[in-house]
Amino acid sequence: MKTFANANPRDLPQAFTMIKQAKADGHSVAIAGGGSDLLGMVKERIVTPDVLVNLKAIKGLDQVAQVNFGLNIGGLITLDALSRHPIVRSKYAVLSEAANSVATPQIRNVGTLAGNVCQRPWCWYYRNGFKCYKAGGNTCYSINGENQFHAIFGGGPSFIVHPSDTAPALMALDAKFRIVGPSGERTVTAADFFTLPQKDAARENVLADDEVLVAVQLPVPKPGTRSTYHKVLDREAWTHAVVSAEIVLEMDGETCRSARVVLGGVAPIPWRVPEAEKLLAGQRITPELAAKAGEVAIAGAKPLRKNAYKLPLTKTVVRRTVLELAKLA
């Protein structure tokens, strides 16, 4: 592992000053929250910073607070704390369940919400030193290689899948992301935060190199809102979703007033399925309707040579998740 300097700012302004000074001195910089993913990449020399700016000492960035618009969640809250928070568990179950599904208990005690949302792809070509699009090259080796776990939606020129469990849940909850940098702050919707490789094959979101995701904002759920997260794994632990469904239904008895359906493990970004949402809205949820929602969810999919199995898997996960929510009392 390359030797690097560790900087521990006391607040965000000092963090941005440290970043600016390091770059002015000709040094490369990486920003860490929990650091569980970043330090692994540093160890494997995928990322080689001269200076690591550690945000963990900054107070207040791990808090959950009820506010006028709903709930403000600090980006540095650990996944374990997020999964156990009583308000998140009671009103935003899909997020609590997603956070609780990440990796192992040890990682959930260290990894943060912002880190999980912003983590880099786990494609084995990128993680093993291939000069692919994500590593600054001009090739996606998965197209003709080992693509069992790669994208069936939104791929090209890179076919990675977004690895986050919490990101699709946040999109399903219509979250907004508060971003802070040296030029000030901005708020973007979850839908605008994530970017497809057609826009920039080297990136997965709109964060600049010197910006930080400091908080996630969730709206107040409407009466009758139910949500859940269903994740399919290829093994019991320490792995990412092969396919996941993050679904939020606003129910009136057996009738769905509105729906948000987002998929994980199938695209370079959390993949929203508006046609399935339109199908469910205003309808009584039946097994037949749920099955049709599953069919609609895979419309337009373009599997690669080794991942067509994700089509029936996605269809079934959506169907089962819709029915599970509709049956909740």
For segment 1-58, convex hull volume per residue from C-alpha positions, Å³: 62
T316, T112, T187, reordered so the largest accessible area comes first (probe 1.4 Å): T187, T316, T112
Share antiparallel - DSSP beta bridges, the chain, percent rounded to 5: 85
Cross-link pairs beyond the 26 Å C-alpha cut-off, checked among K199/K231; K199/K315; K292/K327; K20/K43; K199/K292: K199/K231; K199/K315; K199/K292
Mean Cβ neighbour count within 10 Å, used as a protection proxy, ranking 267-279, 12-24, 67-79, 150-162 highest first: 150-162, 267-279, 67-79, 12-24
Distance between modelled label sites at Q63 and T255, nm, 7 Å Cα→Cβ extension: 4.3
Difference of contour (0.36 nm per residue) and Cα-Cα distance, E275 to S183: 29.3 nm
Theoretical ellipticity at 222 nm over the chain - DSSP helices of four or more residues, -39500 (n - 2.57) apiece, nearest 500: -8000 deg cm²/dmol
Cα long-axis angle, helix 12-24 against the chain (0 to 90 degrees, to the nearest 10): 60
Linear extension gain, H27 paired with R10, 0.36 nm per residue minus alpha-carbon span: 4.0 nm
Carbon and sulfur %, accessible surface of segment 104-172 computed with the full protein complex present, 1.4 Å: 58
Value of relative contact order over the chain, rounded to a whole percent, pairs C-alpha under 8 Å and six or more apart: 16
Kirkwood hydrodynamic radius over Cα pairs of the chain, then Stokes diffusion coefficient at 20 °C and 1.002 mPa s, in µm²/s: 106
Highest to lowest packing among 169-178, 26-35, 116-125, scored as the average C-beta count within 10 Å: 169-178, 116-125, 26-35
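The values are calculated or read from the model by the stated rules, or taken from the named source; none is laboratory data. Every value quoted in this text rests on a predicted model; they were computed, and no experiment measured them. No Cβ is skipped: glycine too gets one built from the backbone with ideal geometry, and neighbour counts run over all protein chains shown. Only protein heavy atoms, including side chains, enter the accessible area calculation; ligands, DNA and RNA are left aside. Shrake-Rupley method; radii C 1.70, N 1.55, O 1.52, S 1.80 Å.
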